[in-house]
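The next block holds one structure in the form of structure tokens; read it before the comments.
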Ligand code: RRO
């Protein structure tokens, strides 16, 4: 069985990655699974600054999913390079870094810091779509990925990272295709589809929002069809643009669905909260599914749902 795949210029031994922010800095999962056996480990988004994140509670289970308002907590790119990345590299994992910024300049600074990363960091996800960044006075702030021009500007600013950039986009737009086109034209080699869907839970006894920050981002099985649709639409409009699919990949079938919609690889996030071995299990399930259907190379499935 040939499980290998490519995302633009980067080849991976198999199509299963972790999703950014869902397994700490990645090495925590190493207690449960061989990280070098995954396609890649995608790290938590880091900015140029040390950032405290949002008030607790930050996560809550929902029907078929989870709502989070972590709020981009992180010690910053430099700390990540120095203190978190070495264990991941030591594990033999291939690493995809992730960066964010409040401004275009901060994206540029984060990318510059990343240029010092070792070769195990094979790509950089540029997170343009965190739902949990407040504006002045706690107001909702538009995401870069909600505007094609803003998204393109942030991507152009990150060229200094010196490795392929994947733009992580939001499903919280009327149409993700113009944003995907804009980031591609600005230099993104691939897009990661999708980040979480904005949501909220009200604690009815307390009569106020349950999460400390108010709203949050919905992930897990509940958003899988949203991810499939975004991947399908972008692959349909921009068939040459590589896509990494993410959203509710809880089993092999969900991964295969995203690949058939047009994703060259998939990321597993919320499923690891219930089962830290989920990425490995899902890879095994993909392999068995292909085996039982006579599919000799998993990459042959990419985009087949388009006929
Ligand atoms: O940290 C977060 O709150 C967070 C991020 Br950076 C993101 O991209 N998506 C999300 O649901 N939460």
What is the ratio of the Cα radius of gyration of the range 38-77 to 2.2 N^0.38 Å, where N is its residue count, to two decimals? 1.43
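Could you check what % of the DSSP bridge pairs in the range 168-307 are antiparallel, to the nearest 5? Please report the intermediate quantities before stating the final value.
Numbers: 7 of 15 bridges.
Restricted to the range 168-307, the bridges split so that about 45 percent are antiparallel.
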May I ask you to compute the full-extension gain from residue 274 to residue 300, defined as 0.36 nm times their residue separation minus their alpha-carbon distance, rounded to one decimal in nm? 6.3 nm
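Relative contact order of the chain: what whole-number percent is it, with Cα pairs under 8 angstrom and at least 6 residues apart? Don't skip to the end; give the middle numbers.
Numbers: 738 pairs, mean separation 63.3, N = 307.
Once normalised by length, the contact order is 21 percent.
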Peptides ranked, highest mean first, by Cβ atoms within 10 Å: ranges 204-210, 72-78: 72-78, 204-210
What is the range 1-64 by shape, rounded, prolate or oblate, if you read a ≥ b ≥ c off the alpha carbon gyration tensor as root eigenvalues and call it rounded for a/c under 1.5, prolate for a/b larger than b/c, and oblate otherwise? prolate
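Sorting check: for 172-185, 144-157, which peptide has the highest mean count of neighbouring beta carbons within 10 Å, and how do the rest follow?
Numbers: 172-185: 18.9, 144-157: 21.4.
For the peptides 172-185, 144-157, the packing ranking is 144-157, 172-185.
Computed over the Cα atoms of the chain, what is the ratio Rg over Rh, Rh following Kirkwood?
Details: Rg = 17.9 Å, Rh = 19.0 Å.
Radius of gyration over Kirkwood radius for the chain works out to 0.94.
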According to a simple spin-label model (label point 7 Å from Cα along Cα-to-Cβ), what is the distance in nm between residue 36 and residue 59? 2.8 nm
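When a/c reaches 1.5 or more, the comparison of a/b and b/c decides; with that in mind, is the range 190-238 rounded, prolate or oblate per its Cα gyration tensor? Provide the component values of the computation, followed by the final result.
Working: a/c = 4.56, a/b = 3.14, b/c = 1.45.
It comes out prolate by the Cα gyration axes.
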One finds the C-alpha centres of the range 161-228 and the range 56-109 to be spaced, in Å, by 15 Å
Equivalent-ellipsoid semi-axes of the range 173-267, from the Cα gyration tensor, Å, largest first: 29, 16, 9
Report for the chain the percent antiparallel among DSSP-assigned beta bridges with both residues inside it, nearest 5. 40 percent
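Mean residue ellipticity at 222 nm from the helices of the chain, using -39,500 (n - 2.57) per DSSP H segment of n ≥ 4 over the full residue count, to the nearest 500 deg cm²/dmol?
Values: 8 runs with 78 residues, N = 307.
Calculated at 222 nm, the ellipticity per residue is -7500 deg cm²/dmol.
Read the figures in this text as sums done on the coordinates, not as results from a lab. What you see is a predicted model; the values in this text were computed from it and never measured. All Cβ positions, even for glycine, are placed from backbone atoms using ideal geometry, and neighbour counts span all protein chains on display.
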